[in-house]
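Beneath this line is the structure, given in structure tokens, with notes to follow.
Where a number appears in this text, it was derived from the coordinates with a stated rule and is not lab data. Since the model is a prediction, treat every value here as computed from it, not as a measurement. Note that each Cβ is placed from the backbone with ideal geometry, even for glycine, and that neighbours are counted across all protein chains shown.
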Amino acid sequence: MKSTRGLILLVALGSAASASAQDPRISKPHLDAASSVIVNALVDSAKARGLPYTALEDRVNEGIAKGADGPHIVAVVRNLYTEMVIVRTWLGAMASADELKAAASAMQAGVPPVELGKMKQKSLLRSLVTPFTVAADLISRGVPVGTAVNAVKSLVGAGAKDKDINDFQRNVKEDIQQGAPPAAAAEARAKTSGKPEEKGKPDSIDQN
Amino acid sequence: MLGLVSMESSDAELVQRVLQGDVNAYGSLVSRYRDRYARYAVHMLGNREDAEEALQDAFTRAYRSLSRCEEPERFGAWLFRILVNRCRTSGARRVRRSQTFVHDEGALLNASQEHPAEQTAWREEIERALGELSADQREAFLLKYVEELGYEEMSEITGVGVSALKMRVMRACDRLRILLKEVHSG
Amino acid sequence: MENIVEELQRPVRLDDSFERRLMVRVRRLHAERRKRRGWLGAAMSIAQRPAWATALAAGLVAVVTFGVIRVRQGEHVVAANGLEPVNFVLVAPAAKSVKVVGDFNNWGLNDSALVATNNQGVWSVTAPVKAGVHRYAFVVNDKQWVADPRAPRSAGDDFGMPSSALVVEDSTK
């Protein structure tokens with residue numbers, strides 16, 4: 001299903017519109033010439049460094065699909081490239097391409113790369129894609145960065161599987177939607193995750 | 001009244017208008033809920049300034065995250081949940097004991113026409129007694145008796161279980177009775 | 001107790017300036033938002049509306065309750081060539097169309113969007129997705145971007161339209 005960089009390369013100098021009119025596959029506007037040059041250079045660099053360059057291409061496609069202009073797409077791709085370079089440094093050679101992508105997302109959400117590196121050092125043989133993804137999600141819901149990182153770290157350290165960590169994310173999300181302060185919700189659920197659900201204990205996410 | 005939107009518009013309609021870019025429609029929502037929720041904030045936080053600040057904050061947060069309101073027809077409840085949380089984190093309760101309702105024009109306006117001084121004093125005593133409750137008990141008491149919510153609604157808003165809420169309300173009532181009986185017998 | 005409650009239930013009227021001050025803040029936020037989205041143009045602001053807004057316009061309320069249900073190994077669908085079957089579900093009774101776009105299908109460019117089928121307001125589509133990390137979203141009525149309410153949110157700049165994170169495990173490993 002995945003195509004190559006064809007869409008990025010499909011920039012006709014002088015008339016993007018005419019290019020799209022000629023090519024029946026293109027049904028949406030695409031990247032302007034100047035932006036395309038920059039993006040292609042970033043993709044080439046990522047390839048040369050062994051980074052998951054397809055993540056950059058995906059962001060271009062996402063931006064095009066959502067109607068973003070060239071400069072905005074370039075900014076997003078450049079940021080992602082930089083983040084992947086950084087997390088690669090901290091996660092080391094044991095990190096998979098997906099871990100780098102997930103770690104970059106976590107970094108975008110605010111997790112310091114040093115924390116991501118520490119987590120990977122303690123989990124060299126375990127994929128941290130789900131923990132990184134969940135940490136980023138919790139932060140986006142208002143859980144302070146430190147709280148989210150500690151919660152995920154404690155779950156991973158306790159041997160929680162990806163399913164447990166996903167369940168934890170869902171529970172915290174629901175608690176927050178019901179009005180619980182995000183930090184308290186994450187802390188409380190991190191303590192009880194992995195244990196039988198304590199129904200009937202109404203103060204499990206009590207503020208005090 | 002701000003905006004050109006009829007006050008007859010439902011919450012869901014107003015929310016939709018706001019999301020479509022009609023910022024004045026948000027003014028209608030503010031008008032609809034500000035006084036009712038001001039009452040809760042004032043009693044919860046103990047003074048008008050902090051209450052206004054919490055309310056401003058709650059309305060602003062609600063505007064910012066309006067697209068995440070999954071049930072726009074229940075905007076009021078969703079907003080109230082935000083306000084309850086803001087009041088919890090405000091932490092300004094009872095810092096300014098000198099700023100009582102005796103100095104509060106609003107209280108004077110609300111005071112009974114027949115016995116304004118007595119009424120104001122009574123109000124002040126109630127506020128003092130409320131201040132003696134723990135934050136949890138005060139919150140539960142206000143939601144149950146002043147805002148007249150059901151326990152299920154309270155649980156949804158606070159995230160606390162029904163049985164714990166009932167306990168808090170009961171303790172709050174007991175404590176208030178003792179405190180206010182002391183005042184009147186003293 | 002009744003006397004206490006009666007007293008506490010008296011209305012509290014705020015200064016008229018409360019609303020003025022608040023709306024100044026709100027209008028400032030509104031202006032900042034419009035400025036950030038300036039490159040989208042006014043027409044695209046419609047795409048910000050969640051699914052329920054469309055339903056409301058049609059006189060109904062859309063309830064979004066379901067999210068991604070990952071079909072794991074052992075169930076009837078078969079994984080092959082590193083592709084895992086993923087079932088995307090969105091409850092949107094008033095929607096006329098629901099598509100799924102994401103990293104796994106070039107975000108619908110080249111008409112590659114996954115088209116969900118409607119079953120009494122529940123839209124679903126199952127598609128093979130490569131194992132790994134993906135960003136995706138639902139597109140309702142070809143114009144409204146809706147994040148999956150049951151999935152983790154995707155981090156980073158989402159170009160002003162929400163996306164979700166999908167982690168697909170390789171069931172063969």
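Annotations
- Gain on full extension, evaluated as 0.36 nm per residue between A:Lys47 and A:Asp164 minus their Cα-Cα distance, stands at 38.7 nm.
- Computed from the Cβ-Cβ distance with R0 of 41 Å, the FRET efficiency linking B:Lys181 to C:Arg28 stands at 0.25.
- Entries in A:Lys163/B:Lys144; A:Lys101/A:Lys163; A:Lys120/C:Lys99; A:Lys153/A:Lys173; A:Lys47/A:Lys120 that, when Cα-Cα distance is taken, lie over 27 Å: A:Lys163/B:Lys144; A:Lys120/C:Lys99
- Inter-label distance, B:Glu148 to B:Glu71: 2.0 nm, where each label sits 7 Å from its Cα along the C-beta direction.
- Set of aspartates and glutamates with alpha-carbon distance to A:Lys191 below 17 Å, sequence-local pairs under 8 removed: A:Asp162, A:Asp164, A:Asp167, A:Glu174, A:Asp175, A:Asp203, A:Asp206
- Sites A:Thr82 and B:Lys166, calculated FRET efficiency, Cβ-Cβ separation with R0 56 Å, nearest 0.05: 0.55
- Placing a label point 7 Å from the Cα of C:Glu2 along the Cα-to-Cβ direction, the residues of segment B:125-150 with a backbone N closer than 20 Å are B:126, B:142, B:144-149.
- Span from the segment B:118-149 Cα centroid across to the segment B:158-176 one, whole angstrom: 13
- Inter-chain Cβ neighbour average for residues A:53-65, partner chain, 10 Å: 6
- Using a Förster distance of 45 Å, the FRET efficiency for C:Arg36-A:Ser123 (Cβ separation, nearest 0.05): 0.75
- Net charge in the neighbourhood of B:Lys144 (other residues with Cβ under 13 Å of its Cβ; Lys, Arg +1, Asp, Glu -1) is -2.
- For segment A:112-141 and segment B:29-74, distance of Cα centres in Å: 36
- Inter-label distance, C:Asp111 to B:Ser10: 3.9 nm, where each label sits 7 Å from its Cα along the C-beta direction.
- Proximal charge balance of A:Ala95 [Cβ under 12 Å; K/R count +1, D/E count -1]: +2
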